[in-house]
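First the structure, in the form of structure tokens, and then the observations on it.
The values are calculated or read from the model by the stated rules, or taken from the named source; none is laboratory data. Everything numeric in this text was worked out from a predicted model, so none of it was measured. Virtual Cβ from ideal backbone geometry, glycine too; neighbours counted across all protein chains shown.
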Ligand SMILES: Nc1nc2c(ncn2[C@@H]2O[C@H](COP(=O)(O)OP(=O)(O)OP(=O)(O)O)[C@@H](O)[C@H]2O)c(=O)[nH]1
Ligand SMILES: [Mg+2]
């Protein structure tokens, strides 16, 4: 196996899901882990951890430890700070049908950029629940956020990817995983 992981770095990537309550973080991870979609809402209490092997890229195998953090902890900046130590990638999730959830990740992004991250990391923004019709967040608003992040000279984000997903239908979940592998590999090569 081609070894991208030098000794100073763990060979497992820490990937943290952040977003307000009920945006679908747990549902997306269930889909990633091949579990069935559940229509009922069960609030995550604290943090759930799951390990997954991301899609293999060439000869590189990436193990990842996902942190599925409850919306209540994710939106508490002091608690969140501790969980972001040594993070390799952050997945910000909002609900396309709830504008407030988009504002929430915008706020989080600003706070995390200014006072938490030491090194540059790649991030993925997921607009979830694309199967629903009652959208409150439109493409131009997401584009504006991404443009703003890409033009910020002091940014702590090396790459920003945006994907619309549905944990219910599974739409774009297959696209999201290899993208995540590529982001982590390109960061490790630096
Ligand atoms: N229609 C639709 N419903 C979804 C989707 N993803 C999640 N849901 C529903 O949204 C609700 C909340 O989903 P969760 O995955 O528990 O949300 P969460 O972000 O983990 O919430 P917390 O644990 O409280 O932070 C549940 O009722 C899910 O069935 C989706 O893509 N489409
Ligand atoms: Mg949850």
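Hey, could you check the range 111-129 for residues that are at pLDDT 90 or above and surrounded by fewer than 19 Cβ atoms within 10 Å (Cβ to Cβ) and say which is farthest from residue 92 (Cα to Cα)?
Going through the range 111-129, the residues at pLDDT 90 or above turn out to be 111-112, 120-129.
Applying the additional criterion that residues be surrounded by fewer than 19 Cβ atoms within 10 Å (Cβ to Cβ) yields 111, 120.
Working: 111: 13, 120: 16 Å.
Result: 120.
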Restricting to the range 40-54, count the residues that are in contact (Cβ under 8 Å) with a residue 12 or more places away in the chain and in a loop (DSSP other than H, G, I, E, B). 7
Determine if the range 51-66 includes at least one residue that is crowded, with 19+ Cβ neighbours inside 10 Å, under 30 Å from residue 135 (Cα atoms) and either more than 10 Å from ligand 1 (Cβ to nearest atom) or modelled with pLDDT of 90 or more (or both). yes
May I ask you to list the residues in the range 121-168 that are in contact (Cβ under 8 Å) with a residue 12 or more places away in the chain, more than 17 Å from residue 109 (Cα to Cα) and not in a loop (DSSP other than H, G, I, E, B)? 128, 164
Applying the selection to the range 32-50, what residues are crowded, with 17+ Cβ neighbours inside 10 Å and either farther than 15 Å from residue 91 by Cα or away from ligand 1 (no atom under 14 Å from the Cβ) (or both)? 44
Among the residues of the range 8-25, count how many are buried (at least 23 other Cβ atoms within 10 Å of the Cβ), farther than 13 Å from residue 75 by Cα and either near ligand 1 (Cβ under 7 Å from one of its atoms) or without any contact (Cβ under 8 Å) to a residue 60 or more places away in the chain (or both). 2
For the range 69-88, how many residues are crowded, with 21+ Cβ neighbours inside 10 Å and more than 12 Å from residue 108 (Cα to Cα)? 2
